[in-house]
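Notes to accompany the following structure.
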Amino acid sequence: MSALGKVVRSGVGRRRVQTVVIGLVVMMAVTSAVLGGSLMVASSAPFERAFAQQNGAHLTAQFDAGKATAAQLSATANASGIVASAGPFRTATVTPETDRSRKLPPITIAGRTAQGGSVDAVTLTDGRWVAAAGEIVLNNDGRMPPGMVPKLASRLTLPDLPGSPTLTVVGIARTVSETAGGWVIPEQIETLAAAGAPVGYQMLYRLAKPDTTADVDAARAAVQASVPAEAMTGTRSWLTTKLHSAGNTVLLVPFLLAFGALGVLMAVLIIGNVIAGAVSTGTHRIGILKALGFTPAQVVRAYTVQALIPAIVGAALGMVAGNILALAVLSDTNRVYGTSDSGVTPWVNVAVLAGALAVVALTAWAAAARAGRLRTVEVLAVGRTPGPGRGQWASRLSARLPLPRPMTLGLAYPFARVLRSATIVAAIAFGAAAATFSVGLGSSLNQVQATESHGDVVVLPGRPMSQSGPPPGGGPGPGGKPPEIDHAAVVKAIAAQAGTAGYHSSTETEVSVAGIADPLGVSAFTGNSAAGAYQMVAGRFITGAGEIVVSTPFLTATHTKVGDSVVLTVHNTQITVRIVGEAFNPEDMGMEIVTHAGTLAGTEAELRGTEYNVTLKPGTDVNSYVADLNTALSGVEAHAMPAEDDTAEFIVIVNALAALLTVLLVTVAALGVLNMVVLETRERVHDLGVHKALGMTPKQTISMVIASVVVTGLIGGAIGAPAGVLLQRLVIGEMGRVTGFTLPDAVVNIYEPGQLVLFGLGGLVIAVAGSLLPAGWAARTRTATALRTE
Amino acid sequence: MIELGDVSRRYDEGPPALDNVSLKIAPGEAVAILGPSGSGKSTLLNLIAGLDKPTNGTVSVDGVRVDQLGEAGSAKYRRAKIGMVFQFFNLLDDLTVADNVMLPAQLAGMSRSEAQRRAAELLNALGVQRHAKAYPGRLSGGERQRVAVARALMNRPALLLADEPTGALDTASGEDVQQLLKDLHADGQTIVLVTHDLALAQTCATRTIQLVDGRVANDTGMVVSGDVR
Ligand SMILES: Nc1ncnc2c1ncn2[C@@H]1O[C@H](COP(=O)(O)OP(=O)(O)O)[C@@H](O)[C@H]1O
Ligand SMILES: [Mg+2]
């Protein structure tokens, strides 16, 4: 064994390039796999754990109290596919105000006597459960900033109801299923109903088969069929809740897994190639080892271990890098979403490590198996050159090309060793694909980001603040009243300002929609440039009052389509609107409704966060425009500022990760080429000597070696670039699928034909980059020594 | 034409391969370098070809200080002045006979068609024209060496260097190559020939230099037009 150890050690030491290549490729595969795996687990694990603990509701259904009785709803527990249910609970929608007269968004409260139960066993995090009228337990979904959550014993007023009834907060709880924003005793709902609050019933179900949207929809249909028509007014699937709980992290998973898969395939190729190469240049050595009494198994093991040593080092480094990146990415999402997961998942690490080493061992073993099979006599008798063998046609063909002879000699190289060249073509293709893919992904995400920029200049109510940037959402700060603003004057100033190409104003409010349990955000527009603000997927943009544009998640949740009418409830007013188009609007996880301001005219909608978005004529200087407009606005309670196009942190993360992984993959591909060229020149060292003896200059040698990778590089690029496009489609499609969006063409189709050609040539760049060093080495080969090799 | 001044070549270990060798070779000479294995014959030839550099001393060929040439310079020097023939032929196995022969000219920038014409001429002259499209692996040893000679003559070198050209051949093929070299010399080709085959030396060479342990042990002297100087 110690003899074997020595053989292995000297093998590793002698092949520095191969050792580095194996280490790097394994490191890159492990980094992306650990990162992808950790994020995948972290993005769903906390939710699934809590959901299981609480017997979460797979399906929450809202019913019209006037169209179904409690008894009818109880009977839905027997609908097919339902394994457990809770309710019916009476519900009411209220818009509370804190004791510091801060308005909270409208919430649905449910009448429940107990927090526990067989479905949605709510976790009390503070205080106690409601026991009497006038008490409320609030749901803290973790998204409200800690300071904004009402304290225990604070009082909530319901100013919309006659006599402004009040409720005292006696507890803070958490429902993972997001079934309600708060809970009161059932009798309380009756009191609120009597006061005129919109009320209904709620049923919570656990399903036999909850895994897919189709499963949940089937159960929903079964429940709907067992109650009177139109009694069911809304449902919520646990899958949607789960998706929302994961935030953006879930978007990283498809692309990290894509890189993980690329990394693993690349590792298999490179390692297989390196070991097979080591075996083929080492046939003589192998013969000697065998002659000395090594068994075939020992020889194969020696070569496998030779790959495993750098692979273990690479895997360890990759694990560290993967976990550090996971921590960085998750600390970011934790901050944004209030989750708290360290991101280090031991079993993911163990699984990736074991998987990676198994793949390496298996690949190396398969590639080294030939060494075990080689017959000693043959091996010792093997001549130094591979013989004319294959690829003569290529050699004859290339000799006719009107190019300098050293180049045409090099061009024919890859055809002499077809299998080896094929693996290098694949490695180059992976590199080119990775580059194509990550550039495409970046452009796609920038397109997504671009959908959120609505103009060049924004005009906000109030005086400019000393700090930079408006408060999030553009709304007034806590407790502050929005300044009174003369909208007509603002519009007049903007329209009169030289350089204005168009403008629109938007304002925010909430409405209820039949079919959706929670109130939805509305963006209401006026002005002439709103149409440019959204990427349309289907239909058209709004042209006037009574029309809305929504995103796919809204259509999915409400089971509607473009052309349908829906009823919006604003306080006690109902407005029927028509869906005229489907846009790509990531706001509010795709649930935001975009409409014309006129739609809400005559309702008591609380309009907040009014802002004006101005598009400038081309060539207009933004800063001087803003300065001039601010002068014009000096008499009005409003100010202009350049629209900030700060890229979302998430996109920065994705771009940085994609760039990092691409650099790694491309480097590995180039190193794979380097390794092949080193191998090739080592095998052809004698021919190189002959060439030199016949008068080949170092420059000619370099051009010959570089030419030897041109064909491989071109083919690799030609395969890799389209593969990268496919991968981008796949991953972007998957990102759309997990988030429930139909993506607009502008986000999906981002490659120009010219760009594709460039990415294709990227394969050539990788190949040439990888061949430069060994070409130089080949040029310096000592001729006299090479010719002595006999 | 060739002038070696106090040339030594030492490797890291062992005694010097060449030890203070000085000699002159005139144009038109056919010199055989004789000596036992390991006496430095190939080293001497490599130094003349610019494939190796002396540790000490000077090597000039046709007024060119070969020992001072860089890599590119010595490649161009070989192209212009030197043709080489080796014991084991050193033909490129993956090129046809014709492509092998054409290579030195093509490296020097000759067009393919011109190189083809010249190669055909040489192969014809050497009697291996019918193998032009074959691969060297298919040829007999004697035929391979003829191809190697054709390749060496491709650029009309002033100097033909041959390192044990018959060493790997059977007797008949050896005699064949011997005759070929003799004919070349008769046509005025300067030849430096390394061999330990006395018959070859006697037939082809006008002068023999005996090397022992890297030193010139015996030199029959320069013979030009039959005169011993
Ligand atoms: N590259 C080298 N490294 C070390 N020793 C060498 C090298 N080339 C030749 N030698 C040594 O130099 C001596 C002369 O070699 P060589 O010129 O090939 O002899 P010959 O051709 O006369 O048989 C030998 O002892 C040989 O071992
Ligand atoms: Mg020799």
Discussion item. Need the failing condition index for A:Ala627 against (1) at pLDDT 80 or above; (2) surrounded by 14 or more Cβ atoms within 10 Å (Cβ to Cβ), just the number.
Written reply: (2)
Fill in: Residue check, B:Ala49 more than 16 Å from ligand 1 (Cβ to nearest atom) and either within 30 Å of A:Thr408 (Cα to Cα) or of a type in the set (A, V, I, L, M) (or both)
no
Worksheet item: What about B:Ser113, is it more than 16 Å from ligand 1 (Cβ to nearest atom) and of a type in the set (Gly, Ala, Ser)?
Response: yes
Discussion item. Among the residues of region A:518-527, are any within 27 Å of the chain's Cα centre (by Cα) and within 30 Å of A:Val622 (Cα to Cα)?
Written reply: yes
Discussion item. I'd like to verify a number: residues in region B:60-96 that are closer than 13 Å to B:Val147 by Cβ and more than 19 Å from the chain's Cα centre (by Cα), how many?
Written reply: 3
Worksheet item: Among A:Met704, A:Met696, A:Met735, which is more than 14 Å from every other protein chain (Cβ to nearest Cβ), surrounded by 22 or more Cβ atoms within 10 Å (Cβ to Cβ), out of contact with any Ser or Thr (no Cβ under 7 Å at 6 or more places or on another chain) and in contact (Cβ under 8 Å) with a residue 60 or more places away in the chain?
Response: A:Met735
Practice prompt. Report whether or not B:Gly14 is within 16 Å of ligand 2 (Cβ to nearest atom), more than 17 Å from the chain's Cα centre (by Cα) and surrounded by fewer than 17 Cβ atoms within 10 Å (Cβ to Cβ).
Written response: yes
Item to complete: Go through B:Leu23, B:Leu34 for me and flag whichever is away from ligand 1 (no atom under 12 Å from the Cβ) and more than 14 Å from chain A (Cβ to nearest Cβ).
Response: B:Leu23
Worksheet item: Could you say which residue among B:Leu51, B:Leu91 is aliphatic (A, V, I, L, M) and within 16 Å of ligand 2 (Cβ to nearest atom)?
Response: B:Leu51
Worksheet, complete the sentence: From the option list B:Gly109, B:Gly57, single residue qualifying as away from ligand 2 (no atom under 16 Å from the Cβ) and either of a type in the set (A, V, I, L, M) or touching a residue at least 12 places away in the same chain (Cβ under 8 Å) (or both) is B:Gly57
Discussion item. Of all residues being outside any loop (DSSP other than H, G, I, E, B) and at positive phi in region B:1-20, which is nearest to ligand 1 (Cβ to nearest atom)? Just the residue, please.
Written reply: B:Asn20
Worksheet, complete the sentence: Inside region A:396-438, the number of residues satisfying the requirement of being within 14 Å of chain B (Cβ to nearest Cβ) and in contact with a helix residue (DSSP H, G or I) (Cβ under 9 Å, 6 or more places away or on another chain) is 22
Discussion item. Tell me whether region B:179-193 contains one or more residues that are within 16 Å of ligand 1 (Cβ to nearest atom), away from chain A (no Cβ under 14 Å) and either under 18 Å from B:Ser42 (Cβ atoms) or in contact (Cβ under 8 Å) with a residue 40 or more places away in the chain (or both).
Written reply: yes
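The values are calculated or read from the model by the stated rules, or taken from the named source; none is laboratory data. Just so it is clear, the structure is predicted and the values come from calculations on it, not from any experiment. All Cβ positions, even for glycine, are placed from backbone atoms using ideal geometry, and neighbour counts span all protein chains on display.
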